[in-house]
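Below you'll find the structure, written out as structure tokens, and then a few comments.
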Amino acid sequence: FVLARRSGRPRADAWQPGGFHIETERTQSGAIAEVLTLFLTGRECPWRCAMCDLWQHTTETDTPVGAIPRQIEVALATVSRTRSLPTRIKLYNAGSFFDARAVPLADYDAIAARLRAFDRVVVESHPALVGERVDRLLGALGRHRMEPLAEARLEVAMGLETAHPRALAQLHKGMSLAVFETAATELRRLGVPLRVFLLVPP
């Protein structure tokens, strides 16, 4: 149903970020902070949500090892030429960060090394992938940081979209409220803050 309604896929280069910009948002304390939002290029998400157009910025093949760290390098170098880097960064990859075919596990340490100056790292994931790979990323971020932090360094964003069971099923997200709750509970156990995406109105 979803694939039949797609147009052609633009060519995407797995060694170049799809884009990046600096924005402001509220922190947990209510203060305003600058955030570098980096749109990574990699393999398409295996879940094809009915409302999603992010597939246009993805590749059809697995993301090569080394490509994601290289994209981060390119973005940070470009921003650093004109201004100082913010202390927070979002890594959005048009899918799930914890999808090993989109972000290779072998790259976690190299990614964390390039993020060592950031106080907060936000990644996005489908709830079904929250598990052992979150621990792997936490470990990598812990090994590569400039100094101990008073608050959690990793934050995970998940798209709930709607809490209406029938509407959620029609979005073709491949999850239920129970799956989302299980993932949220696991993140709380790990001390990882959760950012939730909602559609208004669904």
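The values are calculated or read from the model by the stated rules, or taken from the named source; none is laboratory data. The shown structure was predicted, so the numbers you read here are calculated from the model rather than taken from an experiment. Cβ coordinates were reconstructed from backbone atoms using ideal geometry, including for glycine residues, and neighbour counts include every protein chain displayed. Just the protein is used for accessible areas: all its heavy atoms, side chains included, with ligands, DNA and RNA removed. Shrake-Rupley method; radii C 1.70, N 1.55, O 1.52, S 1.80 Å.
When 196, 130, 156 are checked against the criterion of being among the hydrophobic types (A, V, I, L, M, F, W, C), in contact (Cβ under 8 Å) with a residue 12 or more places away in the chain and closer than 22 Å to residue 87 by Cβ, 156 stands alone in meeting it. Within the stretch 191-202, the set of residues being under 11 Å from residue 134 (Cβ atoms) and surrounded by fewer than 15 Cβ atoms within 10 Å (Cβ to Cβ) comprises just one member, 191.
Rundown of residues vs (1) acidic (Asp, Glu); (2) within 25 Å of residue 23 (Cα to Cα); (3) not in a loop (DSSP other than H, G, I, E, B), yes/no style:
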| site | (1), (2), (3) |
| --- | --- |
| 50 | no, no, no |
| 72 | no, yes, yes |
| 79 | no, yes, yes |
| 96 | no, yes, no |
| 101 | no, no, no |
| 116 | no, yes, no |
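Looking across the stretch 54-70, the residues that are assigned to a loop (DSSP other than H, G, I, E, B), open to solvent by 50 Å² or more (accessible area, probe 1.4 Å) and at pLDDT 90 or above come down to 61, 62, 65.
Among the residues of the stretch 9-20, which ones are open to solvent by less than 60 Å² (accessible area, probe 1.4 Å) and either assigned to a loop (DSSP other than H, G, I, E, B) or in contact (Cβ under 8 Å) with a residue 40 or more places away in the chain (or both)?
Matches in the stretch 9-20: 12, 14, 17.
Is it the case that some residue within the stretch 162-179 is closer than 24 Å to residue 87 by Cβ, at pLDDT 95 or above and of a type outside the set (Asp, Glu)? No, the stretch 162-179 contains no residue that is closer than 24 Å to residue 87 by Cβ, at pLDDT 95 or above and of a type outside the set (Asp, Glu). Is the stretch 91-111 home to any residue that is open to solvent by less than 60 Å² (accessible area, probe 1.4 Å), free of Cβ contacts under 8 Å to residues at least 60 places away in the same chain, more than 15 Å from the chain's Cα centre (by Cα) and closer than 19 Å to residue 145 by Cβ? Within the stretch 91-111, one or more residues are open to solvent by less than 60 Å² (accessible area, probe 1.4 Å), free of Cβ contacts under 8 Å to residues at least 60 places away in the same chain, more than 15 Å from the chain's Cα centre (by Cα) and closer than 19 Å to residue 145 by Cβ. Candidates are the residues of the stretch 21-53 that are in contact with a strand residue (DSSP E or B) (Cβ under 9 Å, 6 or more places away or on another chain) and open to solvent by 70 Å² or more (accessible area, probe 1.4 Å); the one that is farthest from residue 129 (Cα to Cα) is 32.
All conditions but one from (1) part of a loop (DSSP other than H, G, I, E, B); (2) more than 13 Å from the chain's Cα centre (by Cα); (3) under 30 Å from residue 168 (Cβ atoms); (4) of a type in the set (A, V, I, L, M) apply to residue 35; the one that does not is (1). With respect to (1) open to solvent by less than 60 Å² (accessible area, probe 1.4 Å); (2) over 15 Å from residue 49 (Cβ atoms), the lone exception for residue 160 is condition (2). Picking from residues in the stretch 127-157 that are open to solvent by less than 40 Å² (accessible area, probe 1.4 Å), assigned to a loop (DSSP other than H, G, I, E, B) and of a type outside the set (Gly, Ala, Ser), the one that is modelled with the highest pLDDT is 130. Among the residues in the stretch 165-175, are any in a helix (DSSP H, G or I) and surrounded by 15 or more Cβ atoms within 10 Å (Cβ to Cβ)? Yes, the stretch 165-175 has at least one match.
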